[in-house]
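Dropping the structure in here first, questions after.
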Amino acid sequence: MSVTVHENRKSRTSTGSMNISLFHKPSHPDSVLTHLNTMRKQCMFTDVTLWAGDHSFPCHRAVLAACSRYFEAMFSGGLRESLDRDVNFRDSIHPEVLELLLDFAYSSRVIINEENAESLLEAGDMLQFHDIRDAAAEFLEKNLHSSNCLGMMLLSDAHQCKRLYELSWRMCLLHFETVRESEDFYSLSKDKLLELILSDELEIEDEQVVFNSVMRWVRYDLEGRRHHLPELLRGIRLALLPSECLLEAVACEELVMADKRSRTIVEEAMQCKKRILQNDGVVTSPCARPRKAGHTLLILGGQTFMCDKIYQVDHKAKEIIPKADLPSPRKEFSACAIGCKVYVTGGRGSENGVSKDVWIYDTVHEEWSKGAPMLIARFGHGSAELENSLYVVGGHTAIAGVFPASPSVSLKQVERYDPVSNKWTMMAPLRDGVSNAAVVSAKLKLFVFGGTTIHRDKVSKVQCYDPVAPGNTYLPKWEGPGAANPQELVTTWRGENLCDSEAGAPHRSKSLHPAES
């Protein structure tokens, strides 16, 4: 083989001065990857074969090492695999998941969906495809809900996905009653369960739910877990339990009776409970410390002026602070919370145009998304949650005159929105069309209190909707423009009655005025 030495020649156009041009082809990396992928599929220049189960994947070591520190260490660290032609993962990774990772390595693209997101996160972490792990975690964040948050918390904890862990942990605290019914609850470690029940942020209305959950967790693997009971009992706010429940825990719960430390803990809680009931000084015991209110009070709306922000009541600072901007400023809309999301429906914009828009504010991720529009544009309507669906009731649909004080006829139409399918359905209409009514749900029924007619006359009727027996009926008269649902007792302001919605019968009570309510 002969080698000829050539002198560097100057270009014929050279003037002797410095003249440099940088050529850059932006598509070059994609072009190289595309050609490498073609060669991989044709087994050209491949120098290693990955195995998952009985599936083989010929690859190029250099490409794998460039994409993954795992493979870089494997092929350069003097390990057996650095010399072997085959690397066998056996059953530690699914063939389809490995193929997706390789497709990403050779194309910089991967499709993530509900079926493969968790597997991609696990495999991406295992093989140190960190971009894939983070992308899968971000996908799971956006699909986080009460039924899967515990599983996501365990997954993210195992694979160091900090943001997914924080979001899922927060959701576990907010939805403990749902979480405790999942299969993942029984696979919780003692330490993780204890961390949950110790949290002041645990959103629970009845501490008995926590006690029962702990007992169920222990019984799931009685022999392996019964020794954890005393430590777990320390994490429950036992003095917040009803007195009869504490007595039953001592007298009837054999797991507590069989363990001296557990009996002592419950007896201490009973003494603490006794001091509370007798108002015997300040009780500072951890078993009597109330949990923090998990509910957040948001303020939004307006009838005269445009609303462009959501405000939050800061109980600690005792002030109202801006929380988020509304995507589209409006007035005379309605807002309703379902779980961790706030649904803003309808209203009027800056041009007094009536809107069908539905904006959804996610309080966990602190971001807005747009829902399917209502079937009828409306303002001055009411809304309430019933069985995890959103109902919008009444209002106006157009402005008859130029001046805003000339609304259209009050609507009778009622619409139901399903957050899962993102679809609206027309329901049974109201007996009487109303606007500015108070709407509240209680015990599987929807109540529409009062409101006004087109002539601005106050309506003193209550209309009740039962989804089991569709149709709206009247209840005894009310005058109240406001309604609330404190533990399933429907309360109206400025009225003369309180109504237990289960019986549907009013109970005489003293009048409730705004100052008293």
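Cα centroid distance between the range 201-217 and the range 327-360, in Å?
Going from one Cα centre to the other spans 36 Å.
Arranged from highest to lowest average of other beta-carbon atoms within 10 Å per residue, in what order do the peptides 318-324, 117-123 appear?
So the order, starting with the most tightly packed, is 117-123, 318-324.
Can you list the equivalent-ellipsoid semi-axes of the range 188-288, largest first and in whole Å, using the square root of 5 times each Cα gyration tensor eigenvalue?
Equivalent ellipsoid semi-axes, largest first: 22, 16, 11 Å.
Report relative contact order for the range 28-143 in percent, whole number only (criteria: Cα-Cα under 8 Å, sequence separation at least 6).
Contact order relative to length: 23 percent.
Which pairs, out of LYS142/LYS192; LYS331/LYS423; LYS292/LYS458, put more than 32 Å between their alpha-carbon atoms?
LYS292/LYS458
Can you give the relative contact order of the range 188-288 as a percent, counting alpha carbon pairs under 8 Å and 6+ residues apart?
Relative contact order, the range 188-288: 26 percent.
Please list, ordered by chain and number, the residues whose modelled amide H lies under 5 Å from the amide H of LEU326; skip anything fewer than 5 residues away on the same chain.
So LEU326 has HN proximity to LYS309, ILE310.
If you bin the C-alpha pair distances of the range 28-143 every 5 Å from 0, what whole percents do you get?
In whole percents, the pair-distance histogram is 2, 12, 21, 24, 21, 13, 5, 1, 0.
All of the numbers you see were taken from the coordinates with simple rules; none came from a lab. These numbers were taken from a predicted model, which means no experiment stands behind them. Positions of Cβ are backbone-derived with ideal geometry, glycine not excepted, and every protein chain shown enters the neighbour counts.
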